[in-house]
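Asker: Would you mind keeping the following structure in view while I ask a few things?
The values are calculated or read from the model by the stated rules, or taken from the named source; none is laboratory data. Just so we're clear, the structure is a prediction, and the values are computed from it rather than from any experiment. A quick note on method: Cβ atoms are made from the backbone with ideal geometry, for glycine too, and the neighbour counts reach across all protein chains shown. Side chains are part of the model used for accessible areas, which takes the heavy atoms of the whole protein and leaves out ligands, DNA and RNA. Shrake-Rupley method; radii C 1.70, N 1.55, O 1.52, S 1.80 Å.
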Amino acid sequence: MSIQKVAIFGGSGNFGVPIVRALLDAGFAVTVITRHTSTATISSDVSVVRTDYSAGELVKALAGHDAAICAVGPGGMWLQSAMIDAAEAAKVKRFILGDFGWGKHVRSFPEFDEVHALRAAGWDHAAALAEANPAFTWTGITTGNPIDWALRKFPIMGFDIACQSAIIYDSGAEYFTGTTLEGIGQAVVGVLQNPDETRNRFVKVMSIKTCQSELLEAFESVTESKWDVRKSSTETLLDSGRAKHRAGTGGWILELVVTQLFQKGESRSQVAATREDTDSDLLGVKTESARDVVTRALEAYGLLQARS
Ligand SMILES: NC(=O)c1ccc[n+]([C@@H]2O[C@H](COP(=O)([O-])OP(=O)(O)OC[C@H]3O[C@@H](n4cnc5c(N)ncnc54)[C@H](OP(=O)(O)O)[C@@H]3O)[C@@H](O)[C@H]2O)c1
């Protein structure tokens, strides 16, 4: 199977932009499929097709493409089965599912069951279509924590870059796995360059396995300064997140996600115990150190000069 023309839903998003960049750098021809109502700015290096997500418009948008990628945000995940139906009808050979998270065997809190069920319904739908039509295939890409992006965007993850302060939950020694935005883009490229090895299965990748203590050390070393450190506990965070969820107020998602990352002894947020248990080498996702990851987060924040 040879893949050259790739369409992406959500190509203007947090993950979509680095995925599109990686695809272009690897020589794929890229079409971003975007909503008629979207106000997103899209790279001039790609073709753009606008859609209302009706079956007719989707099939037309996907015609002539070898692969399609679902990188829409959680708000658009209910459209995944419509994308999959249209991809199969348009003779797209590979559909990359909307995952970029924790995959099929996610061990998260019950508060997330509904959102996982919505995603999994699309995944099961793709598997059923692929079974009925061997010309249609799929891959899910499980990337764990989007680490450089998350560290910069969410101070609740423990690191407030602007204030150079940290919150260390429990002992700070709970390990989790993460993939950088560059690694996520490379994982997509790697799947499309290895279609036979990645056919009809979930692949797992990681750039790093790390913990808060290692990240704090790296932040202090790269910024050459001592950060203000406060201690907290995942128990407090869990209670707060659950109370917000029960009350129907915002903020619970991040609090529960961060609890899952750092809750002692649970290893809830590791896509695999070791890199060897992942597909990182096959897909060309490189290993990064805590120093590398922290440097990326600081660069993206504008605190260090970006590497060329
Ligand atoms: N592992 C993690 O911790 C983690 C964290 C963040 C995201 N993710 C996953 O990564 C994937 C991409 O997430 P993201 O943060 O990159 O998404 P995002 O930036 O929020 O959205 C990506 C694009 O999706 C489209 N979109 C948004 N809302 C939509 C709606 N209601 N209907 C249709 N389209 C909509 C928009 O594209 P147009 O405007 O061009 O139509 C948007 O630019 C998702 O599967 C998400 O769950 C995982």
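Asker: Could you please give the count of residues in the range 177-208 that are crowded, with 23+ Cβ neighbours inside 10 Å and not in a helix (DSSP H, G or I)?
Answerer: Going through the range 177-208 one residue at a time, the tally reaches 11.
Asker: Of everything in the range 88-118 that's in a loop (DSSP other than H, G, I, E, B) and of a type in the set (Phe, Trp, Tyr), which residue is surrounded by the fewest Cβ atoms within 10 Å (Cβ to Cβ)?
Answerer: Ranking the candidates gives 109 first.
Asker: For residues that are part of a loop (DSSP other than H, G, I, E, B), crowded, with 16+ Cβ neighbours inside 10 Å and within 13 Å of the ligand (Cβ to nearest atom), tally how many sit in the range 15-43.
Answerer: Matching residues across the range 15-43 total 2.
Asker: Give the range 233-288 a look and list any residue that's within 19 Å of residue 198 (Cα to Cα) and assigned to a loop (DSSP other than H, G, I, E, B), or say none.
Answerer: Of everything in the range 233-288, those that are within 19 Å of residue 198 (Cα to Cα) and assigned to a loop (DSSP other than H, G, I, E, B) turn out to be 271, 272, 278, 279, 284, 285, 286.
Asker: Another question, if that's okay. Residue check: is residue 242 open to solvent by less than 70 Å² (accessible area, probe 1.4 Å), of a type in the set (Lys, Arg), outside the structural domain of residue 97 (by TED's automatic domain parsing) and under 20 Å from the mean Cα position of the chain (by Cα)?
Answerer: For residue 242, the condition - open to solvent by less than 70 Å² (accessible area, probe 1.4 Å), of a type in the set (Lys, Arg), outside the structural domain of residue 97 (by TED's automatic domain parsing) and under 20 Å from the mean Cα position of the chain (by Cα) - is not met.
Asker: Run down 72, 46 and say which single residue is within 9 Å of the ligand (Cβ to nearest atom) and closer than 20 Å to residue 184 by Cα.
Answerer: After ruling out the rest, the residue left standing is 72.
Asker: Suppose we keep only residues that are touching a strand residue (DSSP E or B) at 6+ places or on another chain (Cβ under 6 Å) and either without any contact (Cβ under 8 Å) to a residue 60 or more places away in the chain or aliphatic (A, V, I, L, M) (or both) within the range 167-210. Which one would you say is farthest from residue 156 (Cα to Cα)?
Answerer: 192
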